[in-house]
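Inspection log for the structure reproduced underneath, given as structure tokens.
The values are calculated or read from the model by the stated rules, or taken from the named source; none is laboratory data. Just so you know, these numbers come straight off a predicted model, no measurement behind them. Heads up, the Cβs are rebuilt from the backbone with ideal geometry, glycines too, and the neighbour counts pull from every protein chain shown.
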Amino acid sequence: MNDSNNKDNKFDKEVYQALEEGLDYECEQALLRCHFTEPSVDDEWKKFQHSIPSTLLTVKRKKKFLAYYIIGGISAAAMILGAVFLVLPDHQVQRVKGRQEMELLITSIPDDQQVVLEESENTVSEERMVVINNTVPRIERQGAVLSAREADYTHVNVKKVRHNIVSIPRGKVYKILLNDGTEVWLNADSRFSFPSRFSGKNRVVTLDGEAYFKVAPDEHKPFIIVTDKMTTQVLGTEFNIKAYKDSETHVTLVRGSICVRLPHKNEEVTLTPGDDIVCTENGYQVRKIDTSYYSQWMEGYFYYDDVSLTDILRDLGRWYNFSVEIEQDPSLMNLRLHFIAERGDNIDQVIENLNAYEYLSVIKGENKLTVKWKNNAIQ
């Protein structure tokens, strides 16, 4: 028992040590931003409008115009868990140096079409935000190649490690090639943190959302994915993790073997191909499933086999940017369906497909879907 506890403690220490550098940076940045006040966006934007020569422009501003600020009342935990920043319509913060000046990257692309990449070094002095959209075919920076479809870090060879956080908007899928050759597909409304290159004993990344991983083999450097409810460790394999904060956390193995650590249970579970582990507040469950879903979403389809209506609607809401209101009836919320649709279909077509079920009624409102039993349906 003591050997097992020592092993667990060593594992936790290695993970936390790998994350510590990035978390310390976030804390320092959050405290730094407390010194700045909220900018007058309308006033400053009017001043810029007449001087913009194109859709891309860099503008230096003084301290009082910094667009980074902390909203009063945000807890320290919120500061640590994510970078706090203000995304202004049609323009984005690109870089902050100390407390004196910053640069704004001006773009005409709507916010919901942008992938936002935050880059940082382990220092309070510099932070960058890169907006990736269709206006610029590709961006090259220190060996990394960024485009509207993917980010490639395989040729990064700089000595200083950068900590990156990529935020994927609703309605978009994005691919990242990590420095070790690992391929990561990020689903809509996901947030993924990773280093520009792996330099320690472990390859550690964090995920809030859903991602499909093809991990490059390296028996000397375990690949570790940290989510809110569990930690997954692999040497080289293919699997999917779904870890949105409003849903149960799933890890599904397609090929190879992985070890899933459940911190709140102090347990480790080894999965074999076809296994899906779901983690809830009450524990976990392992079952065999059809893994087709986890390749279909990357290929442009919604594919569900024996999945609850609630989970299906959450995915549709993330993709089409709709909130979902479902009748508070457990038998309806837990109704399990087999449902397939193309992600390229508009929301009206998807609603029509759902309404084809004889017992479902889906009504589209303004940015909201309302779901209830169809009249005279057997409940």
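When you scan segment 308-320, do you find a residue that is more than 22 Å from the chain's Cα centre (by Cα), in a strand (DSSP E or B) and at pLDDT below 85, even just one? Spell out how you get there, then give the answer.
Step one: filter segment 308-320 for residues more than 22 Å from the chain's Cα centre (by Cα), giving 308-309.
Pick out the ones that are also in a strand (DSSP E or B) and you get 308.
This time we only want the ones that are at pLDDT below 85, so: none.
Among the residues of segment 308-320, not one is more than 22 Å from the chain's Cα centre (by Cα), in a strand (DSSP E or B) and at pLDDT below 85, which makes the answer no.
From the list 358, 325, exactly one residue is loosely packed, with under 13 Cβ neighbours inside 10 Å and assigned by the TED database to the domain that holds residue 313. Which is it?
So the residue among 358, 325 that is loosely packed, with under 13 Cβ neighbours inside 10 Å and assigned by the TED database to the domain that holds residue 313 is 358.
Run down 246, 305, 290 and say which single residue is among the acidic types (Asp, Glu) and assigned to a strand (DSSP E or B).
Testing whether each residue is among the acidic types (Asp, Glu) and assigned to a strand (DSSP E or B) leaves just 305.
Would you please name the residue that is nearest to residue 190 (Cα to Cα), looking only at residues in segment 211-247 that are without any contact (Cβ under 8 Å) to a residue 60 or more places away in the chain and of a type in the set (Asp, Glu)?
Only one residue tops the list, namely 228.
What are the residues in segment 157-182 that are out of contact with any helix residue (DSSP H, G or I) (no Cβ under 9 Å at 6 or more places or on another chain) and either of a type in the set (Phe, Trp, Tyr) or assigned to a loop (DSSP other than H, G, I, E, B) (or both), if any?
Result: 157, 158, 159, 160, 162, 168, 174, 178, 179, 180, 181, 182.
Do we find a residue being closer than 23 Å to residue 371 by Cβ, touching a Phe, Trp or Tyr at 6+ places or on another chain (Cβ under 8 Å) and either among the charged types (D, E, K, R) or at pLDDT 90 or above (or both) anywhere in segment 248-256?
no
Could you check segment 134-147 and list, in sequence order, the residues that are modelled with pLDDT under 80 and touching a strand residue (DSSP E or B) at 6+ places or on another chain (Cβ under 6 Å)?
138
Residue 270 passes all but one of (1) assigned to a strand (DSSP E or B); (2) surrounded by fewer than 21 Cβ atoms within 10 Å (Cβ to Cβ); (3) among the hydroxyl-bearing types (Ser, Thr, Tyr); (4) under 20 Å from the mean Cα position of the chain (by Cα); which number fails?
(4)
For (1) crowded, with 17+ Cβ neighbours inside 10 Å; (2) among the β-branched types (Val, Ile, Thr); (3) at pLDDT 90 or above, each residue gets a yes or a no:
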position: 149; (1), (2), (3): no, no, no
position: 173; (1), (2), (3): yes, yes, yes
position: 176; (1), (2), (3): yes, yes, yes
position: 190; (1), (2), (3): yes, no, yes
position: 194; (1), (2), (3): yes, no, yes
position: 207; (1), (2), (3): yes, no, yes
position: 215; (1), (2), (3): yes, yes, yes
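Which of (1) of a type outside the set (Lys, Arg); (2) closer than 30 Å to residue 359 by Cα; (3) touching an Asp or Glu at 6+ places or on another chain (Cβ under 7 Å) is the odd one out, the single condition residue 306 does not satisfy?
(3)
For segment 151-171, what are the residues that are of a type in the set (A, V, I, L, M) and crowded, with 20+ Cβ neighbours inside 10 Å?
Of everything in segment 151-171, those that are of a type in the set (A, V, I, L, M) and crowded, with 20+ Cβ neighbours inside 10 Å turn out to be 151, 165, 166, 168.
Just to be sure before I move on: is residue 339 aromatic (Phe, Trp, Tyr), surrounded by 13 or more Cβ atoms within 10 Å (Cβ to Cβ), over 17 Å from residue 368 (Cβ atoms) and without any contact (Cβ under 8 Å) to a residue 40 or more places away in the chain in the structure I sent?
So residue 339 passes the test.
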